[in-house]
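The values are calculated or read from the model by the stated rules, or taken from the named source; none is laboratory data. Bear in mind that the values here come from a model prediction, so they are computed numbers and not experimental data. Backbone-built Cβ (ideal geometry, glycine too); neighbour counts: all protein chains shown. To get the accessible areas, we keep the full protein, side chains included, count just its heavy atoms, and leave off ligands, DNA and RNA. Shrake-Rupley method; radii C 1.70, N 1.55, O 1.52, S 1.80 Å.
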Amino acid sequence: MRKIAEKEDFDKIILVSGDGDYFRMVQYLIEKDKFERLLAPNEERMSSLYRTLEPKYYAFLNRETTRNKIEYKNAGSS
């Protein structure tokens, strides 16, 4: 993953996950200023590893405020 992060051209990553499988990658991307946010399903299902991060780095999909920010809204539908 480090090789990809170093070679690929991107601004920042948003990761949708709750388990801690990507924790080391998240730490690395934060150090490189390439990580935006972790979107976890809910508070109960997020790994304790991610709780060591600053809260600005994660949000929960079960919260209405998060859903409102990422929800697709079709302007043509009624």
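A P(r) calculated from all alpha carbon pairs of the stretch 35-78, with 10 Å bins opening at zero, reads 25, 47, 19, 9, 1 percent. For the chain, the carbon plus sulfur part of the accessible surface works out to 46%, probe radius 1.4 Å.
Rounded to the nearest 500, the 222 nm mean residue ellipticity of the chain from helices alone is -7000 deg cm²/dmol, with -39,500 (n - 2.57) taken per DSSP H run of at least 4 residues. Per residue, the chain exposes 78 Å² of accessible surface when a 1.4 Å probe is rolled over the protein heavy atoms with every protein chain present. A DSSP coil position with no more than 16 other Cβ atoms inside 10 Å describes the following chymotrypsin sites (Phe, Trp or Tyr not before Pro) in the chain: PHE10, TYR72.
Hull volume per residue, based on the alpha-carbon atoms of the chain and their convex hull, is 115 Å³.
The Cβ shell under 15 Å around ILE4 holds other residues with a net charge of +3, Lys and Arg each +1, Asp and Glu each -1. Each residue of the stretch 30-35 is assigned a 3J(HN,Hα), and the resulting list reads 5, 4, 8, 6, 10, 10 Hz, derived from the Karplus form 6.51 cos²θ - 1.76 cosθ + 1.60 (θ = phi - 60°), x at Gly and Pro. In this label model, LYS69 and SER48 are separated by 2.7 nm, measuring between points 7 Å along each Cα→Cβ vector.
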